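The values are calculated or read from the model by the stated rules, or taken from the named source; none is laboratory data. Computed from a predicted model, the values in this text were never measured in an experiment. Positions of Cβ are generated from backbone atoms using ideal geometry, with glycine treated the same way; all protein chains shown enter the neighbour counts.
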Ligand SMILES: [Zn+2]
């Protein structure tokens, strides 16, 4: 993968989570994706899954596996909405195998092929800078990052996107952890990356600091996590992902959609302002936790629906 700019840009990879350094002892880079020689993997033309979505086609087993997760995503309302918007963008999306490294045996990321085209015209490209000791002195976790301008600005237009993702790495992780933490489901990881992709494809990329909670890392992660929490519920899960610092459950007091909207109002309103159509479609998902619905109601865009049934799916 090559980028037209060489700066170590924050946009170069949107990840499903911080590298799972904690799992390196149980899941190493060996195995999963490297069983096929490299030249063979590179050979075949990508498989056209649907419209503008392509999957790396060698080995065919990889393509079939990814297609299965895309099929699963399309069984949900939020998944159909996401794929509809990806189609509308008319930019190409390619999904190819993630290759585990020693530092990040399990990860996935979405990279715009033309990074500056993912940003709106004139918007500053940002990069993550650790707050470090200075932040520590101010009472902020030294591991937190703030997003600072690289000096480049967006050119707009939307970018084709490549997602590096391998469902087998997540299945292996789940097997070894013997549980599925929020955010770790292979379908949900792909959904999360596709939210990043869709925003870049529409030149809506905005990786500003989420001042409400530095553990979100940036606005793109906030959007992807919020949307994936709606998707999770449509898939029947009730535990939700808290932030971008791992796969911890969302705390009980924020499981209330109204309380969550109250806390993250600036970010949710920002998303509505830039992608109102997409947000409103997700807002109509009648899942229990849906802060986008709260926002839509507050903005007079929809009526409050009847209470959600407590019946378990
Ligand atoms: Zn992400």
Could you please find all residues in the range 268-281 being buried (at least 21 other Cβ atoms within 10 Å of the Cβ) and either closer than 19 Å to residue 243 by Cβ or at pLDDT below 95 (or both)? 268, 271
Hits in the range 140-151 - residues which are part of a loop (DSSP other than H, G, I, E, B) and closer than 16 Å to residue 212 by Cβ: 140, 141, 144
Can you report the number of residues in the range 183-199 which are closer than 15 Å to residue 72 by Cα, more than 8 Å from the chain's Cα centre (by Cα) and within 10 Å of the ligand (Cβ to nearest atom)? 0
May I ask you to verify whether residue 104 is within 15 Å of the chain's Cα centre (by Cα) and within 16 Å of the ligand (Cβ to nearest atom)? no
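Out of curiosity, is residue 187 in contact with a helix residue (DSSP H, G or I) (Cβ under 7 Å, 6 or more places away or on another chain), more than 25 Å from residue 54 (Cα to Cα) and at pLDDT 95 or above?
Details: in contact with a helix residue (DSSP H, G or I) (Cβ under 7 Å, 6 or more places away or on another chain): yes; more than 25 Å from residue 54 (Cα to Cα): no; at pLDDT 95 or above: yes.
Answer is no for this residue.
How many residues are assigned to a loop (DSSP other than H, G, I, E, B) and within 16 Å of the ligand (Cβ to nearest atom) when one looks only at the range 237-249?
Let us first name the residues in the range 237-249 that are assigned to a loop (DSSP other than H, G, I, E, B), namely 237-240, 242-248.
Add one more test, that the residue is within 16 Å of the ligand (Cβ to nearest atom), and what stays is 240, 242-248.
Total meeting the criteria: 8.
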Residue set 142, 124; condition over 19 Å from the mean Cα position of the chain (by Cα) and within 23 Å of residue 243 (Cα to Cα); output residue 142
Among (1) part of a loop (DSSP other than H, G, I, E, B); (2) under 21 Å from the mean Cα position of the chain (by Cα); (3) modelled with pLDDT of 90 or more, there is one condition residue 180 misses while meeting the rest; what is its number? (3)
Taking the range 247-262 as the search range and keeping residues that are crowded, with 16+ Cβ neighbours inside 10 Å and in contact with a helix residue (DSSP H, G or I) (Cβ under 8 Å, 6 or more places away or on another chain), which one is farthest from residue 297 (Cα to Cα)? 250
